[in-house]
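Undergrad: Structure in structure tokens, see below.
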Amino acid sequence: MARSTGPVLAIGAITLANNTVINGQPIDWRIPVATGLAAGALALGERISEPLAVGVAWVALVAVLFTRLDPRVPAPAESLVKWWNAGAQLGT
């Protein structure tokens, strides 16, 4: 497996879980398809420049954690903070 595949699959899993599981949106089947295409493209890109392809994958992972992909759905980091604060309020 290519070194860029792990971060790309994590991007797809985080995005799908944030939209569907955490925020109750219907499954957007474009996410798994785009994840597969991106993983394949970066795996091919590793044949040209491995450090560049792996770097792009990791930068994309960090970016997806803090960026809203859909204006109706909070970013994964926002969802995590909301969950964390809800747990803190339950304890008091």
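Undergrad: Expressed as a whole percentage, what fraction of the accessible surface of the chain belongs to carbon and sulfur atoms when a 1.4 Å probe is rolled over the protein heavy atoms? Spell out each step's value before the answer.
TA: Details: 4440 of 6240 Å².
Solvent-exposed carbon and sulfur of the chain make up 71 percent of the total.
Undergrad: With all protein chains present and a 1.4 Å probe, how do 37, 9 order by accessible area, largest first?
TA: Values: 37 120, 9 85 Å².
In descending accessible area the options line up as 37, 9.
Undergrad: When only C-alpha pairs under 8 Å and at least 6 residues apart count, what is the relative contact order of the chain, in percent?
TA: It comes to 33 percent, rounded to a whole number.
Undergrad: Then there's this: Below 8 Å, C-alpha to C-alpha, sequence gap of six or more: please give me the relative contact order for the range 7-53 in percent.
TA: 34
Undergrad: Also, quick follow-up: Just to be sure I understand the rule: take each whole DSSP H helix in the chain, project its Cα atoms onto its long axis, keep it if the span is 15 Å or more and its mean Kyte-Doolittle hydropathy is at least 1.0. Which ones pass?
TA: Correct list, ordered by number: 5-16, 50-66.
Undergrad: Between residue 81 and residue 34, what is the FRET efficiency for a Förster distance of 30 Å, r being their Cβ-Cβ separation, to the nearest 0.05?
TA: Efficiency, rounded to the nearest 0.05: 0.70.
Undergrad: For residue 21 and residue 61, what is the calculated FRET efficiency with R₀ set at 25 Å and r taken between the beta-carbons, to the nearest 0.05?
TA: Rounded to the nearest 0.05, the efficiency is 0.85.
Undergrad: Rounded to the nearest whole Å², what accessible area per residue is found for the chain with the 1.4 Å probe?
TA: 68
Undergrad: From the residues 54, 23, 13, which one has its Cα farthest along the dipole of the range 5-92 in the positive direction, the dipole being from +1 and -1 charges on Cβ of Lys/Arg and Asp/Glu about the Cα centre?
TA: 23
Undergrad: Another one. Tell me the volume per residue, in Å³, of the convex hull enclosing the alpha carbons of the chain. Before the final figure, lay out each step's value.
TA: Values: hull volume 9.3 nm³, N = 92.
Hull volume normalised by residue count: 101 Å³.
The values are calculated or read from the model by the stated rules, or taken from the named source; none is laboratory data. Quantities reported herein were computed from a predicted structural model and do not represent experimental measurements. Here the Cβ is made from the backbone with ideal geometry for all residues, glycine too, and neighbour counts use every protein chain on show. The area values use the complete protein model at the heavy-atom level, side chains included, leaving out ligands, DNA and RNA. Shrake-Rupley method; radii C 1.70, N 1.55, O 1.52, S 1.80 Å.
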